[in-house]
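S.K.: Pasting a structure below so you can have a look.
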Amino acid sequence: MFEIGVIPVAGAGLRLYPYTESTPKTLLEVGGQSLLLNNIAILRDQLGVKKIFLIIGHQGERIRAAIGDGANLGVQIEYLACSDISAGLACGLLLLRDHIHSHFPVILGDELYLDSNHAQLLRYAAEPADVVCGIKTTGDTTLIRKNYAVTLQGDRITSLEEKPEVIKNHYLGCGTYIFSPAIFDAIENTPASTKTGRVELTEVIDRWAQQGADVRAAVLKGSYRNINYPEDYISAMNLYRKLNFSQYRVSLVIPTYNESAAIGDVIEDFRDKVDEIIVADNQSPDGTADIARAKGATVISKPLAGYGEALRCALQAATGDILVLMEGDASFTADDLPKILAYMRDADMVIGTRTTKQMIEQGANMDAFLRWGNVLAAKVLQFLWIRQEPRFTDLGCTYRAIWRDTYLTIRDNLSAVGPAFSPEMMVEVLRAERKIIEIPVTYRPRIGDVSKHSGSKLAILKTGTKMLWLIFKRRLGFR
């Protein structure tokens with residue numbers, strides 16, 4: 001076992017903006033747990049570490065407040081403050097010189113390891129090398145270009161290269177290391193990089209290896225992400241979701257008002273495909289709430305100002321990990337739900353589009369005027385957030401799914417009480433730098449009264465104007 005472990009968490013995380021605007025990147029959560037807590041658990045549970053040094057810098061006090069002294073984590077946590085985070089990781093490690101006198105593991109604070117085999121590194125406590133680098137084999141050369149590459153002879157590393165342009169093998173260097181105390185002298189003896197102007201840890205190890213140091217490679221198993229950019233964080237969350245997708249619960253939320261003609265069929269259609277159905281009913285006088293209860297839905301019946309408020313009410317009551325939103329008028333079908341859920345593995349929100357002509361059933365409320373109006377309005381939203389490269393063809397489709405944690409991120413910014421709630425959700429997910437995927441869904445004739453929001457050209461224009469006004473206000477930073 002190793003008595004002492006190290007997690008450097010001093011970086012400012014500027015490349016991860018806006019996620020790091022108020023949160024240190026090491027405290028970003030994946031699967032409900034921060035990167036830092038995940039790596040503390042690896043050091044504690046797999047490597048037997050009793051004491052962990054956290055090298056802090058940018059937003060260091062936030063990290064202290066979140067982690068504390070480690071008493072509730074089963075380890076002793078001590079903090080070393082780096083006064084110059086621009087000096088880089090290698091110089092930050094020099095703060096440990098007077099505190100560590102034996103081999104010690106290091107895991108970078110912005111890395112995610114899932115189902116890893118770090119316990120295999122315990123062999124190097126009994127058979128110490130000068131350096132051990134955790135590596136993975138991968139066919140994704142993009143990951144190697146973002147990290148570092150290694151050249152091997154057996155399990156011995158003969159050279160390392162930071163962010164290589166030419167990929168010579170499939171070995172991806174990770175931010176897991178075991179160092180001997182001699183690393184401190186190696187850092188001090190390494191000149192600053194000609195590329196960055198600071199001493200780079202990868203160049204320290206490379207230089208030391210070429211001078212004859214015993215630098216070993218330990219192949220790590222499981223899933224891995226190095227999180228430096230927004231797309232890395234999104235990729236990490238998607239990776240976690242894919243690995244755990246079968247465990248997630250799905251809630252269907254439906255806003256209703258006088259939907260007695262359809263709500264029973266809607267609930268029967270979806271009942272066996274979701275874990276719970278929440279109906280928020282605006283005290284319908286036609287018995288909608290009673291029918292929904294009889295079919296097994298959880299019903300909230302109270303005065304509601306409109307579609308948006310009803311959905312917020314239902315979403316608040318839902319307990320699932322994936323929240324599916326839909327109308328109660330039978331215009332959508334459960335046959336499309338598996339498709340929506342499949343895309344949820346790779347997105348924060350999946351929205352339907354009713355504008356694919358081949359999927360609009362005869363008699364559905366989607367004539368050419370409404371269809372092309374939706375397309376044009378959606379393209380306005382797409383253009384205003386063009387940097388994120390979304391693709392939208394329908395601004396008002398109410399059949400969609402969103403991860404619960406994503407919804408909680410945007411919940412406080414949702415205020416529309418009417419149909420503008422639909423584009424408002426899209427806007428806030430984009431503002432949160434989350435990923436939206438749009439897919440075609442079947443659109444069927446509505447059962448019940450004509451929609452007051454899209455039943456006439458005048459109603460369509462009024463609804464569309466309100467939606468676009470909200471979009472422009474949010475793009476300009478106004479509520």
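S.K.: Among (1) surrounded by fewer than 22 Cβ atoms within 10 Å (Cβ to Cβ); (2) in the same structural domain as LEU325 (by TED's automatic domain parsing); (3) within 23 Å of the chain's Cα centre (by Cα), where does GLU268 come up short?
M.R.: (3)
S.K.: Hey, another quick one. Quick one: what pairs do we get from region 44-55, first residue at negative phi and free of Cβ contacts under 8 Å to residues at least 40 places away in the same chain, second buried (at least 17 other Cβ atoms within 10 Å of the Cβ) and in a loop (DSSP other than H, G, I, E, B), C-beta under 6 Å, 6+ apart or different chains?
M.R.: As it stands, the answer is ARG44/VAL75, since those pairs meet every condition given.
S.K.: Also: Considering only residues that are outside any helix (DSSP H, G or I) and touching a residue at least 60 places away in the same chain (Cβ under 8 Å), which ones fall in region 184-194?
M.R.: Of everything in region 184-194, just one residue is outside any helix (DSSP H, G or I) and touching a residue at least 60 places away in the same chain (Cβ under 8 Å), namely THR190.
Yes or no, residue by residue, for (1) touching a residue at least 24 places away in the same chain (Cβ under 8 Å); (2) in contact with a Lys or Arg (Cβ under 6 Å, 6 or more places away or on another chain); (3) aliphatic (A, V, I, L, M):
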{"residue": "GLU162", "(1), (2), (3)": "yes, no, no"}
{"residue": "THR196", "(1), (2), (3)": "yes, no, no"}
{"residue": "GLN210", "(1), (2), (3)": "yes, no, no"}
{"residue": "VAL219", "(1), (2), (3)": "yes, no, yes"}
{"residue": "SER223", "(1), (2), (3)": "yes, no, no"}
{"residue": "ILE227", "(1), (2), (3)": "yes, no, yes"}
{"residue": "ALA236", "(1), (2), (3)": "yes, yes, yes"}
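S.K.: Being surrounded by 20 or more Cβ atoms within 10 Å (Cβ to Cβ) and either assigned by TED's automatic domain parsing to the domain that holds LEU430 or modelled with pLDDT of 95 or more (or both) narrows it down to one residue among LEU28, LEU35; which is it?
M.R.: Being surrounded by 20 or more Cβ atoms within 10 Å (Cβ to Cβ) and either assigned by TED's automatic domain parsing to the domain that holds LEU430 or modelled with pLDDT of 95 or more (or both) holds for just one of LEU28, LEU35, which is LEU35.
S.K.: Looking at region 315-373 only, could you name the residues that are at positive phi and in contact with an Asp or Glu (Cβ under 7 Å, 6 or more places away or on another chain)?
M.R.: The answer is ALA330, and nothing else.
S.K.: Which pairs turn up if I take residues in region 468-479 that are in contact (Cβ under 8 Å) with a residue 60 or more places away in the chain and in a helix (DSSP H, G or I) and look for partners that are surrounded by 11 or more Cβ atoms within 10 Å (Cβ to Cβ) and β-branched (Val, Ile, Thr) with beta carbon separation below 7 Å, at least 6 apart in sequence or on another chain?
M.R.: Filtered contacts from region 468-479: LEU468/VAL380; ILE471/VAL380; ILE471/VAL427.
S.K.: Could I ask something else about it? Has region 356-368 got at least one residue that is surrounded by 15 or more Cβ atoms within 10 Å (Cβ to Cβ) and under 30 Å from SER235 (Cβ atoms)?
M.R.: Checked region 356-368: at least one residue is surrounded by 15 or more Cβ atoms within 10 Å (Cβ to Cβ) and under 30 Å from SER235 (Cβ atoms).
S.K.: Identify all residues within region 343-363 that are in a strand (DSSP E or B) and not hydrophobic (A, V, I, L, M, F, W, C); write none if there are none.
M.R.: GLY352, THR353, listed by residue number.
S.K.: Would you be able to say whether some residue in region 394-404 is among the aliphatic types (A, V, I, L, M), over 19 Å from PHE472 (Cβ atoms), surrounded by 22 or more Cβ atoms within 10 Å (Cβ to Cβ) and touching a residue at least 60 places away in the same chain (Cβ under 8 Å)?
M.R.: So far as region 394-404 goes, yes, one or more of its residues are among the aliphatic types (A, V, I, L, M), over 19 Å from PHE472 (Cβ atoms), surrounded by 22 or more Cβ atoms within 10 Å (Cβ to Cβ) and touching a residue at least 60 places away in the same chain (Cβ under 8 Å).
S.K.: Out of ALA125, ALA129, ALA66, which single residue is assigned to a loop (DSSP other than H, G, I, E, B) and among the aliphatic types (A, V, I, L, M)?
M.R.: Answer to the selection: ALA129.
S.K.: Run ARG225 past the list (1) over 31 Å from the mean Cα position of the chain (by Cα); (2) in a strand (DSSP E or B); (3) of a type in the set (D, E, K, R) and report the number of the one that doesn't hold.
M.R.: Checking ARG225 against (1) over 31 Å from the mean Cα position of the chain (by Cα); (2) in a strand (DSSP E or B); (3) of a type in the set (D, E, K, R), the one that fails is (1).
S.K.: With the structure loaded, tell me whether MET366 is assigned to a helix (DSSP H, G or I) and either in the same structural domain as PRO255 (by TED's automatic domain parsing) or out of contact with any helix residue (DSSP H, G or I) (no Cβ under 9 Å at 6 or more places or on another chain) (or both) or whether it fails that test.
M.R.: no
The values are calculated or read from the model by the stated rules, or taken from the named source; none is laboratory data. From a predicted model like this one, the values you see are computed outputs, not experimental measurements. Methodologically, a virtual Cβ is constructed for each residue, glycine included, from the backbone with ideal geometry; neighbour enumeration extends over all protein chains shown.
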